[in-house]
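Engineer: Structure provided below as structure tokens; questions to follow.
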Amino acid sequence: MEKINWKNKLTSRKWWASIISFVTLMIIACGGTESIATQVSAIIMAGAVVIGYTIGEGLIDSARSNKQEDK
């Protein structure tokens, strides 16, 4: 079984778009309103931005640290 690369998944816009699409359709299918689906989608995207930024900054800090250790 292949190991999932979570760093790539959590920073992928396509992956987040598919999650938002699934959640939005489930809300509508379960009787939720379009307004609720829009609000939930916005919350998910806000979380995705925070996660992507955090991972990106962590990678930059790690690369910077490794570069300083090589000197």
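Engineer: For region 5-14, in order, what is each residue's ³J(HN,Hα) by Karplus, 6.51 cos²θ - 1.76 cosθ + 1.60 with θ = phi - 60°, in whole Hz (x at glycine and Pro)?
Structural biologist: So the J values, rounded to whole Hz, are 8, 5, 4, 5, 4, 6, 9, 8, 5, 5.
Engineer: Also, quick follow-up: In degrees between 0 and 90, to the nearest 10, how far off the longest principal axis of the chain does helix 34-70 point, with axes built from Cα atoms?
Structural biologist: That works out to roughly 10 degrees.
Engineer: Let me ask another. May I ask you to rank GLU57, GLU2 by accessible area, largest first, using a 1.4 Å probe over the protein chains only?
Structural biologist: Working: GLU57 70, GLU2 165 Å².
Descending accessible area places them as GLU2, GLU57.
Engineer: Can you tell me, using C-alpha contacts under 8 Å and at least 6 residues apart, the relative contact order of the chain as a whole percent? Numbers along the way, then the final one.
Structural biologist: On the way: 27 pairs, mean separation 22.9, N = 71.
This gives 32 percent for the chain.
Engineer: Something else about it: Over all alpha-carbon pairs of the chain, lay out the pair-distance distribution in 5 Å bins, whole %, shortest bin first.
Structural biologist: 3, 15, 18, 16, 14, 12, 9, 5, 3, 3, 1, 1, 0
The values are calculated or read from the model by the stated rules, or taken from the named source; none is laboratory data. What you see is a predicted model; the values in this text were computed from it and never measured. For accessibility, only protein heavy atoms count, side chains too; no ligands or nucleic acids. Shrake-Rupley method; radii C 1.70, N 1.55, O 1.52, S 1.80 Å.
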